[in-house]
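> This is the structure I want to talk about, given as structure tokens.
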Amino acid sequence: MRKILGLITLLIGLFFVYVLNTQQKIGDKPIPPLGKLLNPYSGVWQNSEDSSDYEDFNLKCTHVKEEVKIIFDDRMVPHIYAQNLQDAMFAQGYVEAYHRLFQMDISTRSPDGRLSEILGENLLDYDKKQRRLGLSYAADNAVKGWNKFPEELKNVDAYSAGVNHFISNLKPKDYPMEYKLLDFEPSEWTNRHCALLLKAMTQTLAGYEEDIEMSNALKLFGEEDFQIIYPDRNPKDIPVIQGSYPKNSTLTSDQIIPNSFISSIQRPRSPEGVGSNNWAISGRKSATGKPILANDPHLSLSLPSVWYEIAITTPNFSAQGVTLLGMPGIMIGFNENIAWGETNVGHDVMDYHTIKWANQEKTKYYLDSNLVEAKLKIESYEVKGLGTVYDTVRYTYWGPIVEDESNLALRWIAHDPSPTPDFMTFINGMTCENYDEYLAATATFHAPAQNFIYADNKGEIGLRINGNLPIKDYKQGVGISSGDSKANGWKGIIPRDKTPQDRNPERGFVTSCNQYSAGPDYPYYYNGNFEPYRGRMANRLLEAKDTLDIDYFKAMQNSTYSILAEEALGVMLPLLDSLSIAHPHAKGLLQWDRNYTANSTDAVRFDRWFKHFHEMLWDEVYTDKTGISLPEPDMWVTVNMIQLNASNKFYDVLSTPEVENLSYLVNRSFKYMLDPDPAPLSQVKNAQILHLTRLPAFSETDLALGGTKYSLNAMQQTFGPSWRMIVALGDTPEAYGTYPGGQSGNPASPFYKNRISTWANGEYDRLVLAPKAKDISKSLFTVTINHEE
Amino acid sequence: MKNSILFLLLVVLTITLSLFLPWWIIAPLSIAATYFSKSKPLSSFFLPFSAIFLAWLLSIYFNNSGTISELMGKLFEIDGFIIPFIASALGGLVAGFFGLAGSLFSSPKKNWVNG
């Protein structure tokens, strides 16, 4: 009896150990293995971090050739001092893993379609979508391309070795706490992971298309109305590169019009656009007499931040700035002589083609009247809690079939192997001393195409639209085109010397804010996702004064002024009837300075009014068309239309027998603004910076921020300025930077989100370049790496 | 007296062995302790329970636990202050059950003497 009782008790004990040592589920909610997580010796308590943990330590390793020192300054920014470039890259890999290992892991799993391996079945559809978009295939292609450059690749090898050196010396108790929560282990880092990150960046920045929706709209509205609702180009735009081109005869509107096609596929409306600003002024326009450069990329904000601040010094150069995790080198930064940065180019580089299958199994298709076999790629997923799942993806001449039911093949620049190694741009960029060197460094970059901006202490400024941009016929790629002939494909890549660029322009500045690359007479057709107001605002502010300084640049980056509101209200307020114009809200809007400040209620009222107005005007699009996906008309189309046309057939609301006019729409939509009384902008916006797992405990949700997607400070709910940098070139650079996050990825670290408040207040940290270790005034600790035989 | 020694032994062994063995080392430790000491069933549950509870609680506080308690509290949506106690109680429960099993498996003393 005693023994039986003993056995029962033992089983209960074993059951407890099992439950506490494995991940459990209560309903739909996953419960981490509580014993592993909460025990004092290998659990989450080991991740506690405070100043007493910052002690110097030494490493020995076969990879480094000579001694490397990494000094963490009082902002936890690593300053790497190495005797050669590859040792520096090793150290970069090491420190990035040291601070952000989980982030590097999760952000490569996402493009690779491997999230369900650690997060289970819920992520399987997401994983499949990523693989079917061909991101993992694209990374394989990139690596194949890189392998042709063994000398350059040594830098990535060194970086990966640095990451792996950190991982291989990691004990389970030292795993970042997310590993303990999700119950998995870090895996080895390879060069392919670096490629995956580049592809994830391409997806974020050049993963935009509305081909299906545009094709639907073209068929529904006819060509004439289509051109009015969805024009290619905003005539008010100030392109990135000004200047005219010789008239080119290849662009006439009677050329290819995409096939009309109504697809049954419903997709979510495209997310809020990502975007960025950069500008640089020449010495003539600068208070210091030397160029000043500013750059603020706008991305989805997350904790940890997408950016990691770093400084790298070798006998050849000393550079500082930010890097995307997993990408060796410095992406946006400066050295003793030059400063550089990027904004995104919005050209549409993602096109769909219809496939005409020759058999029911969809393994053969017609191409130029030949029968071609589709390549079948079997994708497998090791889903946590479910086992292996298989999925077959058909690859055609154009690219993968993303959704089998659609019969649409994707042609996407991300799939192309790079003819030269992209990563060298951010490694060589650090070492440049003049513009010619920088142009050579950026020439190796292909996708996603960027507006690369440059300034130096010799007085040069420049901006180049840089990357692989396809040559297209007029309107090609706006909608879906037929995939049965190669003639419907891209006609090559715009030669690099034909991509628009500026060097020391007469006006004394260069700027790009994701607007059109070049004027309407640019000889190559392009369309895509271009920003209508920030570019004009930057131009306006840069032209407003003869001499500009660092403080002016800071104010520019933090400007919440909206040209959209200025122009729309200029038409709408005068059209209000006498009763409405006397309303206190209308009076408020009359006096409103068009700034989207955090505490503004006028901004909220205007947004509400304009949104209703916009949707009433385009009732042709917004009223239900029984399941047809249509693109949303751009807000600037509305603004331009009401400025130019007092009457227009689109003002009529189709669902009423009467014929409405502009004034009716303005007054009717005004009523929507009156009730209820809105909260201030910051509350309506409810800005938040979420941890990569979206766990609220690790996120920052207590933020009161202004801004709109159309102001230079383009802060929206979760998208916004992810890094603000200003560099005044001179004998030594005077630089400032700020970002919403912190250097450490450890939620328990004092450096996890310590920089958010500075950023939120529109303030900056001084970035002091320290070419010599002794230039660092305050440091937390030093890591010394020595060669081991 | 014997119990106090056993208690201390468990606390010390838990803290030292856990540094290089998995957290569930407390299970074999507890079962062995009560099996060989032939504790009475009631104390064979509560003695390992309290020893491991104390060992874990001390170790957690020694690890400078404030921020972690707060984070875990937010995560599990309970007061962070009680997280170390919950953690220690989980360890204690495992130890308690194994301790009880150990005593039930060991033959009672009088049988041993008579046998």
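The values are calculated or read from the model by the stated rules, or taken from the named source; none is laboratory data. Fair warning: this is a prediction, and the values are worked out from it, not measured in the lab. We place every Cβ from the backbone using ideal geometry, glycine too, and count neighbours over all the protein chains shown.
> Let me confirm something: among A:Ser481, A:Ser517, which residue is at pLDDT 90 or above and either touching a Pro at 6+ places or on another chain (Cβ under 7 Å) or surrounded by 22 or more Cβ atoms within 10 Å (Cβ to Cβ) (or both)? So that I can check it myself, show each step before the final result.
On the way: A:Ser481 fails: at pLDDT 90 or above.
Exactly one residue qualifies, and that residue is A:Ser517.
> Residues of segment B:25-44 being under 25 Å from A:Ser42 (Cα atoms) and surrounded by 23 or more Cβ atoms within 10 Å (Cβ to Cβ), which ones? Give the steps one after another, and end with the answer.
Keep residues of segment B:25-44 that are under 25 Å from A:Ser42 (Cα atoms), which gives B:25-33.
Result: B:Ile26, B:Ala27, B:Leu29, B:Ser30, B:Ile31, B:Ala33.
> Can you name the number of the only condition in (1) crowded, with 20+ Cβ neighbours inside 10 Å; (2) outside any helix (DSSP H, G or I) that A:Leu170 fails?
So A:Leu170 meets the others, but not (1).
> Residue pairs, Cβ under 7 Å, 6 or more apart or interchain, first in segment A:194-213 and more than 15 Å from A:Gly528 (Cα to Cα), second assigned to a helix (DSSP H, G or I) and modelled with pLDDT under 90. List them.
Between residues of segment A:194-213 that are more than 15 Å from A:Gly528 (Cα to Cα) and residues that are assigned to a helix (DSSP H, G or I) and modelled with pLDDT under 90, there is no close pair.
> How many of the residues making up segment A:108-138 are among the small types (Gly, Ala, Ser), closer than 18 Å to A:Ala447 by Cα and part of a helix (DSSP H, G or I)?
Here is the first cut: in segment A:108-138, the residues among the small types (Gly, Ala, Ser) are A:110, A:113, A:116, A:120, A:134, A:136, A:138.
In the following step, the residues that additionally are closer than 18 Å to A:Ala447 by Cα were identified as A:134, A:136, A:138.
Those left that are additionally part of a helix (DSSP H, G or I): A:136, A:138.
Final tally of qualifying residues: 2.
> Now, a different point. I want to confirm something. Restricting to segment A:737-761 and keeping residues that are out of contact with any helix residue (DSSP H, G or I) (no Cβ under 7 Å at 6 or more places or on another chain) and closer than 26 Å to A:Glu336 by Cα, which single residue is nearest to the other protein chains (Cβ to nearest Cβ)? Give the derivation first.
Pass one, segment A:737-761, residues out of contact with any helix residue (DSSP H, G or I) (no Cβ under 7 Å at 6 or more places or on another chain): A:737, A:742, A:749-761.
This time we only want the ones that are closer than 26 Å to A:Glu336 by Cα, so: A:737, A:742, A:755, A:758-759.
On the way: A:Gly737: 26, A:Gly742: 14, A:Arg755: 17, A:Thr758: 21, A:Trp759: 22 Å.
So, considering only residues that are out of contact with any helix residue (DSSP H, G or I) (no Cβ under 7 Å at 6 or more places or on another chain) and closer than 26 Å to A:Glu336 by Cα, the one nearest to the other protein chains (Cβ to nearest Cβ) is A:Gly742.
> Of all the strands (runs of 3 or more DSSP E) wholly in segment A:717-789, which have at least 2 residues that are within 23 Å of the chain's Cα centre (by Cα)?
Details: elements: A:719-721, A:724-728, A:734-738, A:765-767, A:779-787.
In segment A:717-789, the matching strands (runs of 3 or more DSSP E) lie at A:719-721, A:724-728, A:734-738.
> Is it the case that segment B:36-53 has a residue that's within 14 Å of A:Leu38 (Cα to Cα) and at the interface with chain A (Cβ under 8 Å from one of its Cβ atoms)? Give the steps one after another, and end with the answer.
Step one: of segment B:36-53, the residues within 14 Å of A:Leu38 (Cα to Cα) are B:52-53.
Keeping just the survivors that are at the interface with chain A (Cβ under 8 Å from one of its Cβ atoms) gives none.
No.
> I've got another one for you. Pull up segment A:394-440, narrow it to residues that are modelled with pLDDT of 95 or more and among the polar types (S, T, N, Q), then point me to the one that is nearest to A:Lys377 (Cα to Cα).
Top of the filtered list is A:Thr396.
> From the list A:Gly329, A:Gly321, pick out the single residue that is closer than 30 Å to A:Thr693 by Cβ and in contact with a helix residue (DSSP H, G or I) (Cβ under 6 Å, 6 or more places away or on another chain).
On the way: A:Gly321 fails: in contact with a helix residue (DSSP H, G or I) (Cβ under 6 Å, 6 or more places away or on another chain).
Being closer than 30 Å to A:Thr693 by Cβ and in contact with a helix residue (DSSP H, G or I) (Cβ under 6 Å, 6 or more places away or on another chain) holds for just one of A:Gly329, A:Gly321, which is A:Gly329.
> Could I ask something else about it? When only residues in segment B:76-98 that are of a type in the set (Gly, Ala, Ser) and more than 9 Å from chain A (Cβ to nearest Cβ) count, which is surrounded by the most Cβ atoms within 10 Å (Cβ to Cβ)? If you could, list the steps in order and put the result at the bottom.
Filtering segment B:76-98 for residues of a type in the set (Gly, Ala, Ser) gives B:80, B:87-89, B:91-92, B:95-96.
Cutting the leftovers down to more than 9 Å from chain A (Cβ to nearest Cβ) gives us B:80, B:89, B:92.
Values: B:Gly80: 18, B:Ala89: 18, B:Gly92: 26.
My answer is B:Gly92.
> Taking A:Glu209, is it surrounded by fewer than 21 Cβ atoms within 10 Å (Cβ to Cβ) and either at pLDDT below 90 or of a type in the set (S, T, N, Q) (or both)?
The answer is no for A:Glu209.
> Would you point out the residue of segment B:1-16, among those that are of a type outside the set (S, T, N, Q) and over 13 Å from the mean Cα position of the chain (by Cα), that is nearest to the other protein chains (Cβ to nearest Cβ)? Give the derivation first.
Looking only at segment B:1-16, we keep the residues that are of a type outside the set (S, T, N, Q), and these are B:1-2, B:5-13, B:15.
Next cut, over 13 Å from the mean Cα position of the chain (by Cα) only: B:1-2, B:5.
Working: B:Met1: 26, B:Lys2: 21, B:Ile5: 23 Å.
Checked segment B:1-16; the qualifying residue nearest to the other protein chains (Cβ to nearest Cβ) is B:Lys2.
> Among B:Ile25, B:Ile60, which is the only one that is without any contact (Cβ under 8 Å) to a residue 24 or more places away in the chain and either within 30 Å of A:Phe751 (Cβ to Cβ) or more than 8 Å from chain A (Cβ to nearest Cβ) (or both)?
Values: B:Ile60 fails: without any contact (Cβ under 8 Å) to a residue 24 or more places away in the chain.
Just one listed residue meets the conditions, B:Ile25.
> Can you tell me which of A:Asp391, A:Asp422, A:Asp351 is under 21 Å from A:Asn141 (Cβ atoms) and assigned to a loop (DSSP other than H, G, I, E, B)?
Working: A:Asp391 fails: assigned to a loop (DSSP other than H, G, I, E, B); A:Asp351 fails: assigned to a loop (DSSP other than H, G, I, E, B).
Exactly one residue qualifies, and that residue is A:Asp422.
> Check A:Ser110 against each of (1) more than 14 Å from chain B (Cβ to nearest Cβ); (2) touching a strand residue (DSSP E or B) at 6+ places or on another chain (Cβ under 7 Å); (3) surrounded by fewer than 22 Cβ atoms within 10 Å (Cβ to Cβ); (4) of a type outside the set (A, V, I, L, M) and name the one condition it does not meet.
Condition (2) is where A:Ser110 drops out.
> Another one. With respect to B:Phe53, determine if the residue is assigned to a helix (DSSP H, G or I), at pLDDT 95 or above and either crowded, with 16+ Cβ neighbours inside 10 Å or touching a Lys or Arg at 6+ places or on another chain (Cβ under 8 Å) (or both). Quick ask: steps written out before the conclusion?
Numbers: assigned to a helix (DSSP H, G or I): yes; at pLDDT 95 or above: yes; either crowded, with 16+ Cβ neighbours inside 10 Å or touching a Lys or Arg at 6+ places or on another chain (Cβ under 8 Å) (or both): yes.
So B:Phe53 fits the description; yes.
> Turning to a different aspect of this structure: For segment A:528-559, what are the residues that are touching a Gly at 6+ places or on another chain (Cβ under 7 Å), assigned to a loop (DSSP other than H, G, I, E, B) and surrounded by fewer than 24 Cβ atoms within 10 Å (Cβ to Cβ)?
Within segment A:528-559, A:Asn529, A:Asn558 qualify.
> Another question, if that's okay. Considering each residue of segment B:68-96, count those that are free of Cβ contacts under 8 Å to residues at least 24 places away in the same chain, in a helix (DSSP H, G or I) and touching a Gly at 6+ places or on another chain (Cβ under 9 Å), and give that number.
Here is the first cut: in segment B:68-96, the residues free of Cβ contacts under 8 Å to residues at least 24 places away in the same chain are B:68-83, B:86, B:90.
This time we only want the ones that are in a helix (DSSP H, G or I), so: B:68-76, B:80-83, B:86, B:90.
Narrowing the set further to residues that are touching a Gly at 6+ places or on another chain (Cβ under 9 Å) leaves B:68-74, B:80-83, B:90.
Qualifying residue count for the region: 12.
> Continuing with this model, one more query. Would you say B:Leu104 is under 14 Å from A:Phe16 (Cβ atoms), under 18 Å from the mean Cα position of the chain (by Cα), facing chain A (nearest Cβ under 7 Å) and not in a loop (DSSP other than H, G, I, E, B)? Give the derivation first.
Working: under 14 Å from A:Phe16 (Cβ atoms): no; under 18 Å from the mean Cα position of the chain (by Cα): yes; facing chain A (nearest Cβ under 7 Å): yes; not in a loop (DSSP other than H, G, I, E, B): yes.
Considered against the rule, which asks whether it is under 14 Å from A:Phe16 (Cβ atoms), under 18 Å from the mean Cα position of the chain (by Cα), facing chain A (nearest Cβ under 7 Å) and not in a loop (DSSP other than H, G, I, E, B), B:Leu104 comes out as no.
> Could you tell me which residue of segment A:32-53 is nearest to the chain's Cα centre (by Cα), considering only residues that are without any contact (Cβ under 8 Å) to a residue 60 or more places away in the chain and surrounded by fewer than 16 Cβ atoms within 10 Å (Cβ to Cβ)?
Checking each candidate, the answer is A:Asp53.
> Just to be sure I understand, how many residues within segment A:275-316 are of a type outside the set (Ser, Thr, Tyr), in a strand (DSSP E or B) and more than 13 Å from A:Leu542 (Cβ to Cβ)?
Pass one, segment A:275-316, residues of a type outside the set (Ser, Thr, Tyr): A:275, A:277-281, A:283-285, A:287, A:289-299, A:301, A:303-304, A:306-307, A:309-312, A:315-316.
Applying the additional criterion that residues be in a strand (DSSP E or B) yields A:275, A:277-281, A:292-299, A:303, A:307, A:309-312.
Restricting the remaining residues to those that are more than 13 Å from A:Leu542 (Cβ to Cβ) gives A:275, A:295-299, A:303, A:307, A:309-312.
Final tally of qualifying residues: 12.
> Further, regarding this structure: Do the conditions hold for A:Ala586, that is, is it at pLDDT 95 or above and surrounded by 18 or more Cβ atoms within 10 Å (Cβ to Cβ)? Full working, then the answer.
Numbers: at pLDDT 95 or above: no; surrounded by 18 or more Cβ atoms within 10 Å (Cβ to Cβ): yes.
No, not satisfied.
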